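The values are calculated or read from the model by the stated rules, or taken from the named source; none is laboratory data. Every value quoted in this text rests on a predicted model; they were computed, and no experiment measured them. Note: ideal-geometry Cβ built from the backbone for every residue, glycine included; neighbour counts use all protein chains shown. Side chains included, ligands, DNA and RNA excluded: accessible areas come from the protein's heavy atoms. Shrake-Rupley method; radii C 1.70, N 1.55, O 1.52, S 1.80 Å.
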Amino acid sequence: MPETSDTCLLQRDENEFRRINRQHRLWTRTLDYLIHPAIDATLPKDSKIADVATGTGIWALATARALTESVTLVGFDNCKNQFPHPDSIPKNVSFEAQNLLKPFPIHHQGAFDLVSIRLVASALKKEEWELAARNLFSLLKPGGYIQWMEADISESCTPLQNTPQACSHSLASLAKYALSFLHSKGTDPSGCRRLLEIFRCMGLEDCTQDVFSSDRDPSLRAEFSDVHARALLGILEQAGLQMWSGWNLEKVREWERRVVAELETGRVPGIIEK
Ligand SMILES: C[S@@+](CC[C@H](N)C(=O)[O-])C[C@H]1O[C@@H](n2cnc3c(N)ncnc32)[C@H](O)[C@@H]1O
């Protein structure tokens, strides 16, 4: 039985591992950076970088490869079972189990030049966004930066068609069901829209927000739709396991077939996902 937790609704199996890694490649190609250029310009050569909710550690490992060995990276996640195999981890990277909603160990507080976090919107309840932001802040050295990369999967995420008569009904319905399930658990993906305000209220200086379209590179549109659909199916798998509102795993598989068929028509809808 794959490990699950109340705080992350996606399953920790081989499929989810592959999806996270595909998602990383899409995000990196779409944003065109691992570290925002404005932050990158401030980092000392011997920077200490945290990757919170690291998942498979793919951002931390890619960032380590892109920087010199004098940089140290620590990946944190509340589930250790997706961490890379110890033999494949470079010396300057390490991984630790840590719930981002709990205080970080004292020796990590005030220790990082950059704290990066990506894609936790489906794991945070309304009141948890601020708590998470405070815990990330506690890790920063004076003058350090937080980089929070999030997809707005709330109501504003609408599949758009890119050819006449393209059909995106299944994908749109899937998104609606996944969101209803998240809401029923108290999870609030729209919290990402409050981040700027949360950080400003905490007294952080120099807070800015960049908003990208997920089809900034149209050649990635089909894969973005597929990865997005699989994330929604992952959320609904949890609904199925919990027998939420008439969902079961058979129903999830049926929706998977419908959505895959829709995407495979070749008239793939673009997902507007920020
Ligand atoms: C969608 S994955 C993203 C992984 C990685 N950040 C990336 O972009 O490749 C979300 C990750 O958040 C982690 N997560 C969720 N809630 C968490 C919490 N309260 N504390 C620490 N990690 C958490 C999950 O275990 C999962 O690995």
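Only one of the listed residues (VAL211, VAL227) is within 18 Å of the chain's Cα centre (by Cα) and within 23 Å of ARG253 (Cα to Cα). That residue is VAL227. Only residues that are within 26 Å of LEU131 (Cα to Cα) and either touching a residue at least 60 places away in the same chain (Cβ under 8 Å) or among the hydrophobic types (A, V, I, L, M, F, W, C) (or both) were counted in region 66-92, giving 8. Here ALA50 meets each of (1) within 13 Å of the ligand (Cβ to nearest atom); (2) surrounded by fewer than 17 Cβ atoms within 10 Å (Cβ to Cβ) with one exception, condition (2).
Suppose we keep only residues that are modelled with pLDDT under 90 and of a type in the set (Gly, Ala, Ser) within region 139-169. Which one would you say is farthest from GLN23 (Cα to Cα)? Going through the qualifying residues, I end up with ALA166. On the stretch given as region 242-265, residues that are surrounded by fewer than 16 Cβ atoms within 10 Å (Cβ to Cβ) and part of a loop (DSSP other than H, G, I, E, B) total 5. TYR33 falls short on exactly one of the conditions (1) more than 10 Å from the ligand (Cβ to nearest atom); (2) in contact with a Gly (Cβ under 9 Å, 6 or more places away or on another chain); (3) part of a loop (DSSP other than H, G, I, E, B), and that condition is (2).
For region 59-113, filtered to residues that are near the ligand (Cβ under 10 Å from one of its atoms) and in a loop (DSSP other than H, G, I, E, B), the residue that is surrounded by the fewest Cβ atoms within 10 Å (Cβ to Cβ) is LYS102.
Against the definition (open to solvent by 30 Å² or more (accessible area, probe 1.4 Å) and either more than 17 Å from the chain's Cα centre (by Cα) or among the charged types (D, E, K, R) (or both)), how does GLU205 come out, yes or no? Yes.
Taking only region 209-231 into account, find how many residues are within 19 Å of CYS192 (Cα to Cα) and open to solvent by 10 Å² or more (accessible area, probe 1.4 Å).
Keep residues of region 209-231 that are within 19 Å of CYS192 (Cα to Cα), which gives 209-214, 228, 231.
Filter once more, so that each one left must be open to solvent by 10 Å² or more (accessible area, probe 1.4 Å): 209-213, 228, 231.
Final tally of qualifying residues: 7.
Among the residues here, ASP6 does not qualify as modelled with pLDDT of 95 or more, open to solvent by 50 Å² or more (accessible area, probe 1.4 Å) and either small (Gly, Ala, Ser) or more than 19 Å from GLU150 (Cβ to Cβ) (or both).
Scanning region 119-167 for residues that are open to solvent by less than 40 Å² (accessible area, probe 1.4 Å), under 24 Å from VAL259 (Cβ atoms) and of a type outside the set (Ser, Thr, Tyr) turns up VAL120, ALA121, ALA123, GLU150, ALA151, ASP152, ILE153, CYS157, PRO159, ALA166. Screening ALA239, ALA175 for residues that are open to solvent by less than 20 Å² (accessible area, probe 1.4 Å), assigned to a helix (DSSP H, G or I) and farther than 16 Å from GLU150 by Cα leaves exactly one candidate, ALA239.
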